[in-house]
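Quick notes on the structure that follows.
The values are calculated or read from the model by the stated rules, or taken from the named source; none is laboratory data. Predicted model, so just to flag it, every value in this text is computed and none were measured. Neighbour counts are summed over all protein chains in view; Cβ atoms, including those assigned to glycine, are modelled from backbone coordinates with ideal geometry. Protein only, heavy atoms only, side chains kept; ligands, DNA and RNA dropped before computing areas. Shrake-Rupley method; radii C 1.70, N 1.55, O 1.52, S 1.80 Å.
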Amino acid sequence: LAKTTQPISMDSYEGQEVNITCSHNNIATNDYITWYQQFPSQGPRFIIQGYKTKVTNEVASLFIPADRKSSTLSLPRVSLSDTAVYYCLVVGQGGKLIFGQGTELSVKP
Amino acid sequence: GAVVSQHPSRVICKSGTSVKIECRSLDFQATTMFWYRQFPKQSLMLMATSNEGSKATYEQGVEKDKFLINHASLTLSTLTVTSAHPEDSSFYICSALGQGGNEQYFGPGTRLTVT
């Protein structure tokens with residue numbers, strides 16, 4: 001399973017766009033990149049998943065360069081309720097997930 | 001979307017007793033479920049992979065005789081913490097693998113406190 005590296009923490013203000021970059025240098029050909037959000041005392045919540053290029057849904061965008069060794073989660077116009085821990089994970093066959101430290105995002109008014 | 005439930009949401013038990021936590025996939029069948037443990041201010045740690053109809057696969061350092069996992073149906077996996085001790089107090093989270101094979105849906109977690 002590919003190891004992921006992401007910033008431990010980030011600060012932002014309401015209304016700003018937040019980009020969290022994750023590196024996964026050892027990603028395998030069949031691996032997908034998935035991002036989860038976790039609030040205190042809750043289970044992680046799926047945000048977005050992608051394999052290459054760009055994926056967009058109603059809450060976020062995921063940018064993946066051609067070499068797939070990194071990915072960037074983009075949260076448009078964050079609000080206070082987006083304060084959470086964000087995890088970047090590489091998912092291989094069988095679905096096994098190994099969580100890294102995650103990025104603790106703090107959104108300030 | 002896919003929903004995974006856990007029961008109970010929180011439990012307090014006395015040292016030496018056993019506690020069972022249930023994980024259910026409510027609207028899909030899950031041949032594979034996972035159990036995680038999370039201590040305060042830390043990330044999730046994978047404990048074991050639960051496969052329907054077969055023995056669970058435990059991660060290194062996780063005692064299989066202490067954390068009994070049963071996955072008797074396609075919608076239910078249980079984790080039993082046997083002879084619980086205060087150091088077992090933690091947040092236990094399960095997840096179920098979606099039928100696509102890449103999506104994993106998490107339960108809301110169970111807060112275990114051992115006194």
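A few comments on the model shown:
- To put it simply, the accessible area of chain B at a 1.4 Å probe is 50 percent carbon and sulfur.
- Neighbouring Cβ atoms from other chains, within 10 Å of the Cβ of residues in A:26-33, number 1 on average.
- Förster-model FRET efficiency, 30 Å R0, B:Gln60 and A:Lys108, C-beta, rounded to 0.05: 0.15
- Take each residue in B:88-100, count the other chain C-beta atoms within 10 Å of its C-beta, and the mean is 2.
- Shape class of the stretch A:47-109 from the alpha-carbon gyration tensor: oblate, with a/c at 1.5 or above and b/c at least as large as a/b.
- Rounded accessible area per residue of the stretch B:22-115, 1.4 Å, Å²: 45
- Exercise: per-residue mean of other protein chain Cβ atoms within 10 Å, B:39-49: 3
- Take every DSSP beta bridge whose two residues both sit in chain B; close to 90 percent of them are antiparallel.
- Look at the dipole of chain A built from charges on Cβ: of A:Pro7, A:Cys88, A:Tyr32, the Cα furthest out on the positive end belongs to A:Tyr32.
- Where no second cysteine Cβ lies under 4.7 Å, the cysteines concerned in chain B: B:Cys13
- Each of A:Lys3 and A:Ser79 was given a label point 7 Å from its Cα along the Cα-to-Cβ line. The distance between the two points is 3.9 nm.
- Net length gained if the chain between A:Thr56 and A:Tyr13 were fully extended (0.36 nm per residue, minus Cα distance): 13.3 nm
- For the stretch B:20-115, the set of trypsin sites (Lys or Arg not before Pro) satisfying both a DSSP loop assignment and a count of at most 13 other C-beta atoms within 10 Å is given as B:Lys41, B:Lys55, B:Lys64.
- Against the criterion of solvent-accessible heavy-atom surface with a 1.4 angstrom probe, A:Met10, B:Met45 sort, most first, into B:Met45, A:Met10.
- For A:Lys96, no residue whose modelled amide H falls within less than 5 Å of its own remains once neighbours fewer than 5 places apart on the same chain are excluded.
- Computed accessible area, B:Glu22, all protein chains, 1.4 angstrom probe, square angstrom: 50
- The stretch A:74-96-the stretch B:68-96 distance, computed between alpha-carbon centres (Å): 25
- Highest-first packing order for the peptide set B:77-86, B:26-35 is B:26-35, B:77-86, based on the mean count of other beta carbon atoms within 10 Å.
- The stretch B:1-93 shape via C-alpha gyration tensor axes, a/c threshold 1.5: prolate
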